[in-house]
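What follows is a set of notes on a single structure, which appears directly below.
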Amino acid sequence: MNSLTQRHHAHLATLLEHLELAGDIPLSNWVEGELEAGHGDTIELCDPTTGEPLISYRDAGADVLDRAVAAATRAQGEWMSLTASERGRRMLNAIRQLQGHEETLAQLESVVAGKPIRDCRGEVGKVREMFEYYAGWCDKQHGEVIPVPTTHLNYVRHVPYGVVGQITPWNAPMFTCAWQLAPALAAGNGVVLKPSEMTPFTSVALASLLETGGLPRGLINIVNGLGPSTGAALTRHDDISKLVFVGSPESGRMIAEAGANRLVPSVLELGGKSANIIFNDAKLDDAVAGAQAAIFAAAGQSCVAGSRLLVQRERFDEVTQRLARACKEIPVGLPDDEATRMGPLQNARQYQSVTRMIDDAINAGARVLTGACRPDGLSEDATGYFLAPTVLTDVTPDMAIAQQEVFGPVLVVMPFDDEADAITLANATRFGLSGAVWTQDPARAHRVAGQLRAGTVWINSYKAINVMSPFGGFRDSGFGRSSGLDGLREYTIPQSVWVETGEEASVAMGYGGGQE
Ligand code: NAD
């Protein structure tokens, strides 16, 4: 173990101890209000800053999963026996239990995910925001009365599914966990969530803290393990009534298929290849700063990363030169350094995939404007998955690098001639998660936004995301929505209830009872 990994290993042990997640091997599951070790294969985690082994834990295994689903089923009944207002109060109380643990949670996320500590602190704040927002929805799910053309009173209730299965990725584990837990609970469900095998601990820590706030024991269960083992078992479990998946399109397809085979619906929050469009009349200082933040935050490991920059031809050279200069200024470094704005990639597989995609792009004719190498100024023991902010030009829209999600700090810049050209280019991928338009012409801004096949569009901004506003994709970026009322509705089923209010019951054969 080199000195950096030794330091991180000791720090991780202290954090797990502090959160009471330590043991001979870490207690990696939260089931029925208890910490549990897994019984399956051993999973090794590496230190993103060095690539050296950091810690190991065991895959949950079938028994742990079965107990988790049974616990969620029992607890969901208890949850729904409370009044809606009481559920809201308990959600608020649950999130208050994070108080005093925020920094530990942020550090745990940072050391395992390799994310800058500043970003992790921000994400803990988002976790609180999500619970506060959805707690408020608990007693505001009114249902509707439908003015049917008969003597019936017809009303619609939004009832929970029961137990939902959630599967999350490694790029923002705690954020994504809370993002899906909060609406699921507010809608009245129990949850079994499987985090990425790369980042198992913060979801367990979050669940254990939340449940101390008065949530029924077993309402939230976290099972850790690999996708093909514990993940697949969760998608096939008979007592899971809905699947919510956040991850890659490849895994998303498998999850949706597994659900469809059991006639269980799914929500898929998948990847993106988002276009950031800069018109001639844009405020270039803002646009270049926005373009840079859009791709290099989280080292590009963000579903909404603005990985394609489309620049109107007259400003192309100016924008690329400014970008190249700006990239050299981004502080790339160790995640626990307060100054770091971009850390390493999270794991070896991702690093290899990103560097291979850069090499393939260069072989296909792309030119490296900046990056594609180890960042300057790193300490010698930082031998892990660091990659300098990378900008590629001479990229054509048909190249793999312009079509596929890289999920790393790699930006391709392409010119366009006019508005129609920009829209065609922006929509010319299989993805449709997000996009942005930079212009000072408001009419054009709205016109272009309306033509983009993307679930979220920003105008003179990027990455403004809030739990109040619906989020999700078009096409290969997935279906269904998270956040806001739409996100809540994904966790309920409308139930239509008909009550005869006429003096005589209408009991005609056929559909007569519903006709005027
Ligand atoms: P991934 O698809 O490899 O893994 C995601 C999760 O799925 C993990 O928990 C994994 O164990 C599990 N999994 C994999 N195969 C499975 C199977 N057969 N059955 C059940 N579970 C399985 O994705 P990743 O590499 O962890 O994350 C990166 C991807 O996530 C990127 O494509 C990114 O764009 C996407 N993402 C999307 C959003 C969004 O909101 N749209 C947010 C964050 C990340």
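Below are the figures for this structure:
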quantity: Whole-Hz couplings from phi, Karplus 6.51/-1.76/1.60, listed for region 222-231; x for Gly and Pro; calculated: 10, 10, 10, x, 6, x, x, 9, 5, x
quantity: Added length on full extension, which subtracts the Cα-Cα distance from 0.36 nm per residue, residue 145 to residue 236; calculated: 29.2 nm
quantity: Amide proton proximity set for residue 226, modelled H, under 5 Å, gap of 5+; calculated: 60, 231
quantity: Packing-based order for 305-313, 425-433, 490-498, 289-297, using average beta carbon neighbours within 10 Å, highest first; calculated: 305-313, 289-297, 425-433, 490-498
quantity: Rough spin-label spacing in nm, given labels placed 7 Å along Cα→Cβ, for residue 101 and residue 226; calculated: 3.0 nm
quantity: Bridge type composition, region 131-280 - antiparallel percent by DSSP, nearest 5; calculated: 15 percent
quantity: Residues of region 275-459: accessible area per residue with a 1.4 Å probe, Å²; calculated: 40 Å²
quantity: Extension reserve of the residue 374-residue 18 stretch, reckoned as 0.36 nm per residue once the Cα distance is removed; calculated: 124.7 nm
quantity: Under-5 Å amide H pairs with residue 159, H placed in peptide plane, nonlocal only; calculated: 493, 495
quantity: Angle between the chain longest axis and helix 173-186 axis [Cα atoms, degrees, rounded to 10]; calculated: 20 degrees
quantity: Value at 222 nm in deg cm²/dmol, rounded to 500, when DSSP H runs of n ≥ 4 in the chain each add -39,500 (n - 2.57); calculated: -12000 deg cm²/dmol
quantity: Ranking by accessible area, most exposed first, for 446, 9 with a 1.4 Å probe; calculated: 446, 9
quantity: Under 5 Å, built H, 5+ apart or other chain: amide partners of residue 54; calculated: 45, 46, 47
quantity: Acute angle (nearest 10 degrees) that the helix 84-96 long axis makes with the longest principal axis of the chain, alpha-carbon atoms; calculated: 30 degrees
quantity: Beta bridges by DSSP in the chain, antiparallel share as percent, to the nearest 5; calculated: 40 percent
quantity: Value of Rg/Rh across the chain [Cα atoms, Kirkwood radius]; calculated: 1.01
quantity: Value of Rg/Rh across region 275-459 [Cα atoms, Kirkwood radius]; calculated: 0.96
quantity: Point-to-point label distance, residue 417-residue 84, nm (Cα→Cβ direction, 7 Å offset); calculated: 5.7 nm
quantity: Bridge type composition, region 275-459 - antiparallel percent by DSSP, nearest 5; calculated: 10 percent
quantity: Nearest-ten-degree value, helix 62-81 long axis tilted from longest Cα axis of the chain; calculated: 60 degrees
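The values are calculated or read from the model by the stated rules, or taken from the named source; none is laboratory data. Computed from a predicted structure; not experimentally measured. With ideal geometry, Cβ positions are generated from the backbone for all residues, glycine too; neighbour counts draw on all protein chains shown. SASA here: full protein model, heavy atoms, side chains in, ligands and nucleic acids out. Shrake-Rupley method; radii C 1.70, N 1.55, O 1.52, S 1.80 Å.
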